[in-house]
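Step one of this worksheet: look at the structure below.
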Amino acid sequence: MGAVKVLLRNPRREVDVPGPITIVNLLARFDLNREAVIVIRDGELVPGDATLADDESIEIRPVISGGAW
Amino acid sequence: MKCTVCKGPAIIDIRRHNANFCTEHFLEQCKRQVTKAIDEFDMIGTDDRVLVAVSGGKDSLAVWDLLVELGYRADGLYIGLGIGDYSDVSGTYARDFAAERGLTLLEVDLPGTYGYDIPTGSRAARRAPCSACGLSKRHLFDRAALEGAYDVLVTGHNLDDEAAVLFGNTLHWHTEYLGRQLPVLPARDGFPRKVKPLVRLTERETAAYCVVRGIDYLVEECPMAAGNRHLTYKAALNDIEKASPGAKHSFYFGFLDRAAAHFAPEAESDRVELGACTSCGAPTTAEVCAFCRLVDRAGGALPEAGTPTAVAVELGPTRAGATSGAVR
């Protein structure tokens, strides 16, 4: 059976999630704050109201960086 | 979701502006915010020679790209910190970015030039890794900017960075730091002018900018930064931002507008007379500066006098000859 393939980082791993599912609901499912991530599909940004279907692949990329300056 | 400007399909929503943007208008929005920051705080003159501190991450590559897009003459400076694979990969991103655009990238290799790396330096000096790293980078950025006769040193600090530092300094009432937490630090006593053109953009926006512009950057976090307090403050502020869009902006810019000046006298009184480090000549309050003490404890050595520390990488033509002036 198909599923949305989600690439997560830190650590890098792939998780299958049943579709269809909106980006907003997908982030809620992983308990991610949308201020702290961007979602990318085929090299392009995916807006929060987009719905993902089974067999689509997306990356949820964290944007928070910390360290020294 | 439709673009607030043109009603075409939007790629990103920015809740603090209550707006959505398509690709074209998102890029315009980023340029507008950077231009506004530069103008509002009088950061960079149109004829200034600019040095951008480049790490290979999203913020430094985004600010370099934005400055070049806005017509500024900007070179990059990358410092190899010797943090294993992380440094090897981050250097590749910085070099590839410069090479693809025909920009000039200067490089300083900490282990090669000074004989120590950040993990060793941090252990030897009994400093937290981010502390040893920050101390080393600040010294080397300052030195390269002054040796290269650059007018201004640019760092990729964004709104999240500034709000998180402000949050930490307020939480612990580090009033001596509050007076100095400004988007522009003027040149003085052997320090170059330092500016932060990304203060009006969040890191979600700088990451999105890189994706839209096709800029490859190092996504992985520095292995030595994991669990630091700065990240905890950012997470807390993002929780607040989620419930109250615009909170980070209000916190930081409200501080600049209404509070920063109150702490300035304290920062001024904290400013003691600086002398020259007897080892490297950098400004310091002690006989030997903190950087030279770190090098010594880590078993490294300063390069011989007269040796240039920032080496230009041969990447082809720079924009210096091709750009007639900044477009504002």
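Scale the Cα Rg of the range B:113-272 by the rule-of-thumb value 2.2 N^0.38 Å and send over the ratio, two decimals. Dividing the Cα Rg of the range B:113-272 by 2.2 N^0.38 Å gives 1.12. Relative contact order, whole percent, for the range A:3-62 stands at 47, derived from Cα pairs under 8 Å and 6 or more residues apart. At a threshold of 10 Å², the residues of the range A:51-66 that become less accessible to a 1.4 Å probe in the full protein assembly than in their chain on its own are A:Arg61, A:Pro62, A:Val63, A:Ile64, A:Ser65, A:Gly66.
Considering helices alone, the calculated mean residue ellipticity of the protein assembly as shown at 222 nm is -12000 deg cm²/dmol, with DSSP H runs of length four and up weighted by -39500 (n - 2.57) and normalised per residue. How big, in percent, is the set of alpha carbon pairs in chain B lying more than 31 Å apart? Tail of P(r) above 31 Å: 32 percent of Cα pairs. Per atom type, chain B shows carbon and sulfur on 51% of its accessible surface, probed at 1.4 Å. On the basis of the beta-carbon distance and an R0 of 30 Å, B:Thr92 and A:Leu8 show a calculated FRET efficiency of 0.80. Exposed loop sites are taken as GluC sites (Glu not before Pro) in a DSSP loop (any state but H, G, I, E or B) with at most 10 other beta carbon atoms within 10 Å; the longest stretch of chain B without one runs B:1-272.
Taking every alpha-carbon pair under 8 Å whose residues sit at least 6 apart, chain B reaches a relative contact order of 25 percent.
Projecting the alpha carbon convex hull of chain A along each direction and taking the average yields 5.1 nm². Go ahead and collect, in residue order, the members of the range B:47-68 whose backbone nitrogen is under 19 Å from a label point 7 Å along the Cα-Cβ direction of B:Ala187. In the range B:47-68, the label zone of B:Ala187 (backbone N under 19 Å from the point 7 Å along Cα→Cβ) covers B:47-53. Shown here for the range B:107-164: trypsin sites (Lys or Arg not before Pro) in loop regions (DSSP other than H, G, I, E, B) with at most 15 other Cβ atoms within 10 Å, namely B:Arg126.
Interface residues of the range B:13-38, defined as a loss of at least 40 Å² in heavy-atom accessible area between the chain alone and the complex of all protein chains with a 1.4 Å probe, are B:Arg15. Along its three principal directions, the equivalent ellipsoid of the protein assembly as shown from the Cα gyration tensor extends over semi-axes of 35, 23, 22 Å, largest first.
Across the cross-link table entries A:Lys5/B:Lys196; A:Lys5/B:Lys137; B:Lys7/B:Lys58; B:Lys2/B:Lys234; A:Lys5/B:Lys31, which are compared at the Cα atoms, the separations over 32 Å belong to A:Lys5/B:Lys196; A:Lys5/B:Lys137; A:Lys5/B:Lys31.
Taken residue by residue and averaged, Cβ atoms of other chains lying within 10 Å of the Cβ of B:81-92 number 0.
The values are calculated or read from the model by the stated rules, or taken from the named source; none is laboratory data. Model, not experiment: these values are computed from the prediction. Here Cβ is always computed from backbone atoms with ideal geometry, including for glycine, and neighbour counts include all displayed protein chains. For the accessible areas, the whole protein counts, side chains as well, though only heavy atoms, and no ligand, DNA or RNA atoms are used. Shrake-Rupley method; radii C 1.70, N 1.55, O 1.52, S 1.80 Å.
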